[in-house]
Amino acid sequence: MNERLLKTEMEKCLAGEWYNCHDPVFLKLKGKTIDLLMKYNSLPYDNKEEKYKILKEMFGSIGTKVSVGHSFICDYGCNIHIGNNVTINTGCTFIDCNKIIIGNNILIAPNVKIYTVTHPIELDERLTPVETENGTELIRHTYALPVAIEDGCWIGGGVIILPGITIGKGSVIGAGSVVTKDIPANSLAVGNPCRVIRTINKSNDNG
């Protein structure tokens, strides 16, 4: 039997394979997360204890000294894993259909977007006709790839990080950059597409 047929839609999703994003498991997760986000984003700034409780319930894992600014948006929440001493500023969006791993000692500026989900480029691969009892329907092919931000990074304002990207330890991504490829450790990278412009001197252990 085809091994793919034995997998759940969530297993296909996390494996980077085509999956049905309308499967009940995802709709249930989204419903729960939307409720938690509404509560979180309505809390006063100084209600830190209640805010942390909601983040702990929503995220896959979360360390200590974590701050997430208001108007935060995510998809499922459970695929987000955050280390210690992390600041995520206002207006950030994390589309966590696959895992988003954020290490320790990280600064994420306002309006940063992290996307794990994507689709094929070719239209006939992106939308495939399938015969159903109601006639022909177009099935949208969706897949998701994990994103990792390693210890000690600073992600500038308005940065967009695309699916499957790893940003190496101690790197800085300049404001407004679109990260389309992996960034090596201890690099200053800027632009669209984001490119390394110089190496950052490693002054201490960012872990």
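The values are calculated or read from the model by the stated rules, or taken from the named source; none is laboratory data. Fair warning: this is a prediction, and the values are worked out from it, not measured in the lab. Every residue, glycine among them, receives a Cβ derived from its backbone with ideal geometry; neighbour counts consider all protein chains shown.
Scanning region 151-164 for residues that are in a strand (DSSP E or B), within 13 Å of the chain's Cα centre (by Cα) and crowded, with 23+ Cβ neighbours inside 10 Å gives a single hit, Ile161.
In summary, Ile101 fulfils each of the numbered conditions (1) closer than 21 Å to Asp75 by Cα; (2) assigned to a loop (DSSP other than H, G, I, E, B); (3) hydrophobic (A, V, I, L, M, F, W, C) with the single exception of condition (2).
Checking each residue in region 165-191 for being in a loop (DSSP other than H, G, I, E, B), under 14 Å from Lys113 (Cα atoms) and free of Cβ contacts under 8 Å to residues at least 40 places away in the same chain picks out Ile165, Gly174, Gly176, Ser177, Thr180. Thr64 falls short on exactly one of the conditions (1) among the polar types (S, T, N, Q); (2) free of Cβ contacts under 8 Å to residues at least 24 places away in the same chain; (3) part of a helix (DSSP H, G or I), and that condition is (3). Within region 1-34, if we keep just the residues that are among the hydroxyl-bearing types (Ser, Thr, Tyr) and modelled with pLDDT under 95, the residue that is surrounded by the most Cβ atoms within 10 Å (Cβ to Cβ) turns out to be Tyr19.
Considering only residues that are touching a Ser or Thr at 6+ places or on another chain (Cβ under 7 Å), without any contact (Cβ under 8 Å) to a residue 40 or more places away in the chain and buried (at least 21 other Cβ atoms within 10 Å of the Cβ), which ones fall in region 89-112? Reasoning before the result, please.
First, the residues of region 89-112 that are touching a Ser or Thr at 6+ places or on another chain (Cβ under 7 Å): 90-91, 95-98, 100, 107-108, 110.
Now restrict to residues that are without any contact (Cβ under 8 Å) to a residue 40 or more places away in the chain: 90-91, 95-96.
Residue satisfying the conditions is Asp96 alone.
Residues that are part of a strand (DSSP E or B) and of a type in the set (A, V, I, L, M, F, W, C) were ranked within region 113-145; the one that is surrounded by the most Cβ atoms within 10 Å (Cβ to Cβ) is Ala144.
Evaluation of Lys7 against the conditions (1) over 28 Å from Gly91 (Cβ atoms); (2) within 22 Å of the chain's Cα centre (by Cα) shows that the sole unmet condition is (2). Considering region 37-56, the residues that are surrounded by 13 or more Cβ atoms within 10 Å (Cβ to Cβ) and under 17 Å from the mean Cα position of the chain (by Cα) include one that is farthest from Gly152 (Cα to Cα), namely Leu37.
Only one of these conditions is not met by Ala148: (1) at pLDDT 95 or above; (2) under 26 Å from Thr90 (Cβ atoms); (3) part of a loop (DSSP other than H, G, I, E, B). Which number is it? Failing condition for Ala148: (3). Here is the figure for region 72-92: residues that are within 24 Å of Asp46 (Cβ to Cβ) and either in a strand (DSSP E or B) or modelled with pLDDT under 95 (or both) total 7.
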